[in-house]
1. Return the subset of K606/K630; K282/K445; K460/K482 for which the Cα-Cα distance in this structure is over 18 Å, preserving the input order.
2. For segment 307-352, what is the relative contact order in percent, using Cα pairs closer than 8 Å and at least 6 residues apart in sequence?
3. Could you go through segment 198-203 in sequence order and give the Karplus-derived ³J(HN,Hα) for each residue, using 6.51 cos²θ - 1.76 cosθ + 1.60 with θ = phi - 60°, rounded to whole Hz, and x for Gly and Pro?
4. Name the residue from V309, I637, L274 whose Cα lies farthest towards the positive end of the charge dipole of the chain, charges +1 on Cβ of Lys and Arg and -1 on Cβ of Asp and Glu.
5. Hey, if you put +1 on the Cβ of every Lys and Arg and -1 on every Asp and Glu Cβ in the chain, which of L433, G485, W284 ends up farthest toward the positive end of that dipole?
6. When all C-alpha to C-alpha distances in segment 697-788 are sorted into bins of 10 Å, what percent of pairs does each bin hold, rounded to whole numbers?
7. 222 nm [θ] for the chain, helices only, -39500 (n - 2.57) per DSSP H run of 4+, per residue, to 500?
8. About the Cα centre, and with charges only on the beta carbon of Lys, Arg (+1) and Asp, Glu (-1), how big is the dipole of segment 110-180? Nearest 20 debye, please.
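Coordinate-derived values only; no laboratory data. All values reported here derive from a predicted model rather than from experimental measurement. Neighbour counts are summed over all protein chains in view; Cβ atoms, including those assigned to glycine, are modelled from backbone coordinates with ideal geometry.
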Amino acid sequence: MRNVVRLRAILGISCVAVLLMSGVTLWHSASRVHAAGPTVGVWLTTTDGQNTITPQSDVNFAPDSGTSDRTIDVNDGQQYQQMLGFGAAITDTSAYLIANKMNATQRNAAMRALFDANNGIGVSFVRIPMGSSDFTATPANAPATYSYDDQPAGQTDPTLANFSINHDLPYIIPTLKQALQTNPSLTFMANPWSAPAWMKSNTSMIGGGTLNPSAFEPFAQYFVKFIQAYQAQGVPILAITPNNEPGVASNYSSMIFPAGDETNFIKNNLGPALANANLGSKIWAYDWNWDNTDYASTVLNDASASSYVDGIAWHCYAGIAAAMTTVHNAFPAKNQYETECSTGPTGIAGNAIDVAMRSTQNYARTVELWNLALDTNGGPKMGTGCEGCTGLVTIDQATGNFSYTPNYYQLGQFSKFVPPGAYHIGSNSYGDLEDVAFKNPDGAKVVVVHNNASSPTTFKVRWDGAQSFTYTVPAGGIVTFKWSGSATTTTNGYAINAGGGAAGTFAADGYYSGGQTYSTSAAIDTTGVTNAAPQAVYQTERYGNLSYALPNLTAGSSYTVRLHFAELYWTSSGQRIFNVAINGSPVLTNFDIYGAAGGENKAIVKEFTATADSSGTISIQLTTVKDNAKISGIEVIPTGAVPAGVAINAGGGASGAFGVDADYSGGQTYSTTASIDTAGVTNPAPQAVYQTERYGNFSYAVPGLTAGNSYTVRLHFAELYWTSSGQRVFNVAANGSPVLTNFDIYAAAGGANKAVVRQFTATADGNGTITLQFSTVVDNAKVSGIEIMAG
């Protein structure tokens with residue numbers, strides 16, 4: 001994202017400064033004074049075992065200043081999925097060990113450590129196998145399959161007259177009830193690894209086999225009876241999936257359940273059976289790996305099946321977590337859940353922290369590891385598979401004592417601080433420095449950060465665009481920050497790319513309610529618009545009946561509201577008509593983008609004056625008259641304010657105040673990990689800016705400036721490739737006027753990997769644009785960073 005530059009006093013520039021707030025561009029008064037910010041609690045887990053969710057010294061937010069190569073911007077106005085919980089499965093094995101191998105004192109201590117958020121890690125979501133799985137403990141020393149309706153070979157029970165959960169009553173049900181008593185916010189999901197053997201084509205619970213067509217209805221009633229029996233025991237089942245890993249045929253309980261069969265089972269049997277029994281348990285489809293989005297799509301593309309499905313359940317063993325975002329984008333009304341991942345030093349799927357990070361970053365409402373508890377041999381279990389798997393705790397069968405695994409601490413950095421009902425909110429990661437942020441039901445903010453690097457990493461956490469603190473996390477360390485309170489500053493403006501990501505000075509979509517998103521790659525004609533937004537803004541949209549509520553403005557103050565539109569879908573007027581109101585007052589009635597702009601893929605801006613209400617909010621409501629209301633971009637600017645400038649990381653991603661590469665034409669990108677010497681530069685850009693470049697013959701056309709205004713342009717360079725002068729020579733022009741002739745970075749900087757900055761003045765043209773042209777003389781022209789600041 002091309003962020004708006006904060007103006008530096010050393011340049012003697014006096015104007016309105018523009019700051020980045022958690023991904024949304026804001027206008028601030030340069031003279032505003034900020035009070036000391038909230039106190040932030042800090043908890044740390046390190047790979048050496050010296051810190052295990054260990055409280056650290058508090059830190060405090062302070063007025064933001066300086067730059068950082070890694071700034072995590074927390075945006076609690078950018079809200080994603082609501083969290084249901086974090087946890088692990090209480091398998092037959094886990095329950096057996098807790099109930100039968102521990103005395104009451106040991107068991108109570110273990111359950112507090114697992115489920116109590118004050119005295120433990122607050123596990124809030126548990127998966128329950130319906131019948132045997134690979135982790136089945138009984139009979140002792142010879143674990144065997146079981147279901148809730150086992151029949152002698154050759155016999156069937158289509159009416160389920162012999163259904164019984166008696167197997168679970170001695171130790172599974174008591175363990176689940178104690179967990180729920182310890183954490184009343186705990187929720188349960190359940191699912192079978194196989195239907196009873198008599199329902200299947202291979203007449204066995206082992207080795208796969210499919211569900212017989214005649215068993216579809218009895219299997220649906222099997223779920224009904226299970227949910228009712230568990231409810232009668234005081235264990236409510238929030239959700240079920242039709243079958244675990246529906247493509248696996250294994251030497252433990254398993255069943256093949258193709259996508260078409262599951263679709264038909266849900267729409268014809270399971271969905272109606274739960275509805276007819278007045279059971280509120282939700283259906284989650286699939287329940288297998290991230291590498292197969294087609295299965296989920298098959299179920300959800302069937303309207304009848306989809307009407308019964310709340311969401312999709314996923315495992316972590318193949319593919320990547322972004323599959324959940326893929327399905328979310330295709331079916332935004334459906335939820336995503338990560339429901340199994342066996343992690344740990346000897347596990348089969350990496351670390352719990354990575355699963356938790358990447359799942360929540362990709363719309364998962366749950367993070368669920370595999371076994372809650374295993375013994376010192378990683379069992380008991382039946383069959384082979386999951387060799388070396390670890391639980392959250394390890395129980396010694398001989399003594400009943402328990403110990404914590406790395407899974408416990410890594411999951412606990414989330415589960416202890418993020419309760420059910422929290423929302424995943426906006427934040428940004430930096431490759432080996434990953435993070436995810438939440439807003440709890442009580443308003444507290446939580447940020448979890450994991451340093452994947454092999455050395456300590458220093459970073460900044462910035463909140464509300466003006467407050468920040470700096471922290472250093474050890475190599476491999478996990479740190480959780482938590483603070484309360486509302487934003488302490490009054491912000492003065494926004495620029496939002498509706499339906500899309502950050503683009504130029506426009507930040508990623510946020511502060512909306514309702515609507516869906518759409519995008520195109522078609523070029524948009526912006527010639528009819530003064531101070532047009534970047535192309536990418538007009539190429540995305542949020543559509544439907546929707547609203548935006550933009551907070552933290554100055555109550556009673558006047559603002560200019562600029563609404564950006566382009567018709568991306570319809571090819572004639574009269575096909576899309578809608579109304580727009582600001583703070584409840586109509587500003588556009590029966591608006592037709594195509595008719596107003598004079599065609600499709602043509603930008604148009606409508607500008608209004610609005611006053612922030614008594615809470616400091618401007619609300620924008622879009623209401624459909626025909627087809628769908630829509631919007632591409634929103635600007636809210638203090639009346640009389642002008643944009644101050646931009647900062648671009650040429651060839652790279654966002655870094656500090658420098659936004660992601662944007663507004664270019666032509667050229668290619670290159671990067672290095674070599675350290676850059678910035679000692680010779682006053683007010684240098686972050687290291688990451690000099691470590692990337694755009695090279696070749698290319699140009700940048702930077703829009704959104706004030707036509708006719710003079711700007712200071714700073715171009716940042718470092719020679720990353722050549723090792724002597726004369727090997728790269730090029731020219732630079734601004735709006736057609738030469739500003740650098742036969743420029744040689746190596747010679748100007750005095751060596752390779754040394755930063756150098758060239759500064760000059762340019763005037764925005766009649767469209768509010770400054771165009772920079774880079775032309776090769778020898779080898780390739782290049783640039784690493786661009787700053788354009790009002791002067």
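1. As for pairs spanning more than 18 Å Cα to Cα, those are K282/K445.
2. Values: 46 pairs, mean separation 19.2, N = 46.
Over segment 307-352, the number comes to 42 percent.
3. 5, 8, 10, 5, 9, 6
4. I637
5. Among L433, G485, W284, the one farthest towards the positive end of the dipole of the chain is G485.
6. 18, 49, 25, 8, 0
7. Result for the chain, helices only: -4000 deg cm²/dmol.
8. My answer is approximately 300 debye.
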